[in-house]
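The values are calculated or read from the model by the stated rules, or taken from the named source; none is laboratory data. Quantities reported herein were computed from a predicted structural model and do not represent experimental measurements. Glycine also receives a Cβ, built like all others from the backbone with ideal geometry; neighbour counts cover every protein chain displayed. Accessible surface is based on the protein model in full, side chains and every heavy atom, while ligands, DNA and RNA are left aside. Shrake-Rupley method; radii C 1.70, N 1.55, O 1.52, S 1.80 Å.
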There are 2 protein chains.
Amino acid sequence: MLEDSLSEDAELWSDVQPETRRRLLLAALEAFSANGYNAATTREIAQRCGMSSAAVYMHYRSKHDLLYEISRTGHDAVLRTVQDALDETSDPQDRLRVFMSSFVSWHAHHHTLARVIQYELRALPADRFDEIRGLRRRFETLLRKELVRGTEAGWFSIQDVDATALVLLSMGIDVARWYSPRARNPEDLGAAYGALALRIVGAAGTSEPSPE
Amino acid sequence: MLEDSLSEDAELWSDVQPETRRRLLLAALEAFSANGYNAATTREIAQRCGMSSAAVYMHYRSKHDLLYEISRTGHDAVLRTVQDALDETSDPQDRLRVFMSSFVSWHAHHHTLARVIQYELRALPADRFDEIRGLRRRFETLLRKELVRGTEAGWFSIQDVDATALVLLSMGIDVARWYSPRARNPEDLGAAYGALALRIVGAAGTSEPSPE
């Protein structure tokens, strides 16, 4: 039986065809998250989904290709989640909180996938790494936009927008390292981090006691 | 030539005797940080310091023992750094800032060692893992004490002390993941995080613009 987090990750690939390719991605994710990308072998991945190593190579030329596809779909998924949450937000003052809470909830829900995409990045070949880094810059751009907007409007007091964006993303990413389903649920955690983000940017009123 | 961060890590073991043991620890740290603990082999570690695998086993029974010694000395070092910084602080209101800035500076200075001790923890055998977890709880205890003291004194406004302690440690630990010597220097980074910690706990005055 799959760990809950892996079942949720599997849903991200529900439209991958053929079915064999989908099973391979999930087996690779399991292998990479169990012992790290470098220790996983194509043979182990093949065994996890009852295939031969030769059959794996019919779908993916290398272990690198599997890591790349996992990284790309993972980054796409969190970007889409954050973007959808922002699109549903009508109050511009609420967008930073929404960015943070959706980013954090995603990392909690998908902590197995998130560990692989956040901690195995440097195992990608240079061209693939650059492509994924491009996706990662889109989070920074989105977040910086909210920070600048809030500062210009006088809602936030921030001295260094780049450093603040880095810290907020860093807090969200580290959730993947420590999160366990025994901790509080991903939505409550996201809400708590949304409130923390407002404190960090010095949003008016956030130095008063508030439910976290 | 060693990366700067590795030279600093090597100093932590400067009193390890005999010299061979010290060289082995450093070679193991290099191997674990290059490709992850699970992918490193005793043979590779031996080669990195010009020894035979048999010679390695004269000093350490297993790769686990090397990881354990690296983890223990690493956790001891950061604990001592934070404790020393707190001991030099006369103003009780300043202790949270000092905790955070020394914790963060250490993770930046020692980012290579910090990555291994923070991300390879689960590779330890159960009894060793429990021992290291005991060391980790001491950070939580130290930090919680400062948060409770500051809340009771009315300096901070915190609803959930445990969650706040978790977030502050999490922010510091993630520095090891993203830190590069091309980023700002460890002391300035520590100072910025110290100021952020005060915002997070709602310390009086921190919602006003302040240099970060």
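For region B:196-212, which positions are within 19 Å of B:E146 (Cα to Cα) and either more than 9 Å from chain A (Cβ to nearest Cβ) or modelled with pLDDT under 90 (or both)? Explain how you work it out, then say what you get.
The first filter runs over region B:196-212 and keeps only residues within 19 Å of B:E146 (Cα to Cα), leaving B:196-206.
Within region B:196-212, B:A197, B:L198, B:A204, B:G205, B:T206 qualify.
Within region B:22-52, how many residues turn out to be over 22 Å from B:Y119 (Cα atoms) and either touching a residue at least 40 places away in the same chain (Cβ under 8 Å) or under 18 Å from the mean Cα position of the chain (by Cα) (or both)?
Residues that pass the stated criteria total 0.
Output yes when any residue across region A:98-108 is more than 12 Å from every other protein chain (Cβ to nearest Cβ) and either in a loop (DSSP other than H, G, I, E, B) or out of contact with any Leu (no Cβ under 9 Å at 6 or more places or on another chain) (or both), and no when none is.
Scanning region A:98-108, I find at least one residue that is more than 12 Å from every other protein chain (Cβ to nearest Cβ) and either in a loop (DSSP other than H, G, I, E, B) or out of contact with any Leu (no Cβ under 9 Å at 6 or more places or on another chain) (or both), so the answer is yes.
In region A:38-65, which residues are of a type outside the set (S, T, Y), in a loop (DSSP other than H, G, I, E, B) and within 26 Å of B:E120 (Cα to Cα)?
Kept after step one, since they are of a type outside the set (S, T, Y), are these residues of region A:38-65: A:38-40, A:43-51, A:54-56, A:58-59, A:61, A:63-65.
Remaining after also requiring in a loop (DSSP other than H, G, I, E, B): A:38-40, A:49-51, A:61.
Selection gives A:N38, A:A39, A:A40.
For region A:64-82, indicate whether the set of residues that are on the phi > 0 side of the Ramachandran plot and away from chain B (no Cβ under 14 Å) is non-empty. Reasoning before the result, please.
Taking region A:64-82 as the starting set, the residues that turn out to be on the phi > 0 side of the Ramachandran plot are none.
No - not one qualifying residue is present in region A:64-82.
Please tell me if A:L24 is surrounded by 23 or more Cβ atoms within 10 Å (Cβ to Cβ), of a type in the set (A, V, I, L, M), in contact with a His (Cβ under 7 Å, 6 or more places away or on another chain) and assigned to a helix (DSSP H, G or I).
Working: surrounded by 23 or more Cβ atoms within 10 Å (Cβ to Cβ): yes; of a type in the set (A, V, I, L, M): yes; in contact with a His (Cβ under 7 Å, 6 or more places away or on another chain): yes; assigned to a helix (DSSP H, G or I): yes.
When the stated conditions are applied, A:L24 passes them.
Could you grab the pairs with beta carbons closer than 8 Å, sequence gap of 6+ or different chains, first residue in region A:113-126 and in a helix (DSSP H, G or I), second one among the polar types (S, T, N, Q) and open to solvent by less than 20 Å² (accessible area, probe 1.4 Å)?
A:L113/A:S5; A:V116/A:S71; A:I117/A:S71; A:L121/A:S71
Answer yes or no: is there a residue in region B:154-162 that is within 27 Å of A:Y119 (Cβ to Cβ) and either more than 10 Å from every other protein chain (Cβ to nearest Cβ) or among the hydrophobic types (A, V, I, L, M, F, W, C) (or both).
Restricting attention to region B:154-162, the residues satisfying the condition of being within 27 Å of A:Y119 (Cβ to Cβ) are B:162.
Subsequent filtering for residues that are either more than 10 Å from every other protein chain (Cβ to nearest Cβ) or among the hydrophobic types (A, V, I, L, M, F, W, C) (or both) retains B:162.
Yes: region B:154-162 contains one or more residues that are within 27 Å of A:Y119 (Cβ to Cβ) and either more than 10 Å from every other protein chain (Cβ to nearest Cβ) or among the hydrophobic types (A, V, I, L, M, F, W, C) (or both).
Kindly provide the set of residues from region B:169-178 that are over 15 Å from A:A165 (Cα atoms), at the interface with chain A (Cβ under 8 Å from one of its Cβ atoms) and in contact (Cβ under 8 Å) with a residue 12 or more places away in the chain, ordered by number.
Once the filter is applied, which keeps residues that are over 15 Å from A:A165 (Cα atoms), at the interface with chain A (Cβ under 8 Å from one of its Cβ atoms) and in contact (Cβ under 8 Å) with a residue 12 or more places away in the chain, region B:169-178 yields B:I173, B:R177.
Mind listing just one residue for me: the one in region A:179-195 that is crowded, with 19+ Cβ neighbours inside 10 Å and of a type outside the set (A, V, I, L, M, F, W, C) and, of those, nearest to the other protein chains (Cβ to nearest Cβ)?
Only one residue tops the list, namely A:Y193.
For A:R128, all conditions in the list (1) open to solvent by less than 20 Å² (accessible area, probe 1.4 Å); (2) away from chain B (no Cβ under 14 Å); (3) over 19 Å from A:L12 (Cα atoms) hold save one; what is the number of the exception?
Among (1) open to solvent by less than 20 Å² (accessible area, probe 1.4 Å); (2) away from chain B (no Cβ under 14 Å); (3) over 19 Å from A:L12 (Cα atoms), A:R128 violates only (1).
Might you let me know whether region A:91-103 holds any residue that is β-branched (V, I, T), over 13 Å from A:Y68 (Cα atoms) and in contact (Cβ under 8 Å) with a residue 12 or more places away in the chain? I'd like the intermediate steps shown before the answer.
Residues of region A:91-103 β-branched (V, I, T): A:98.
Checking the rest, the ones that are also over 13 Å from A:Y68 (Cα atoms) come to A:98.
Next cut, in contact (Cβ under 8 Å) with a residue 12 or more places away in the chain only: A:98.
Yes, region A:91-103 contains a residue that is β-branched (V, I, T), over 13 Å from A:Y68 (Cα atoms) and in contact (Cβ under 8 Å) with a residue 12 or more places away in the chain.
Search region B:1-21 for residues being in contact (Cβ under 8 Å) with a residue 40 or more places away in the chain and surrounded by 13 or more Cβ atoms within 10 Å (Cβ to Cβ), and hand back the single one that is farthest from the other protein chains (Cβ to nearest Cβ). Full working, then the answer.
Taking region B:1-21 first, the residues in contact (Cβ under 8 Å) with a residue 40 or more places away in the chain are B:3-6, B:8-9, B:12-13.
Those left that are additionally surrounded by 13 or more Cβ atoms within 10 Å (Cβ to Cβ): B:3, B:5-6, B:8-9, B:12-13.
On the way: B:E3: 14, B:S5: 15, B:L6: 17, B:E8: 21, B:D9: 19, B:L12: 23, B:W13: 25 Å.
Result: B:W13.
So, in region A:131-163, of the ones that are among the β-branched types (V, I, T) and part of a helix (DSSP H, G or I), which residue ends up least open to solvent (accessible area, probe 1.4 Å)? Even if it seems obvious, please write down each step before you answer.
First, pick out the residues of region A:131-163 that are among the β-branched types (V, I, T): A:132, A:141, A:148, A:151, A:158, A:161.
Now narrow it down to the ones that are part of a helix (DSSP H, G or I): A:132, A:141, A:148, A:151, A:161.
On the way: A:I132: 0, A:T141: 77, A:V148: 56, A:T151: 47, A:V161: 33 Å².
Within region A:131-163, the match that is least open to solvent (accessible area, probe 1.4 Å) is A:I132.
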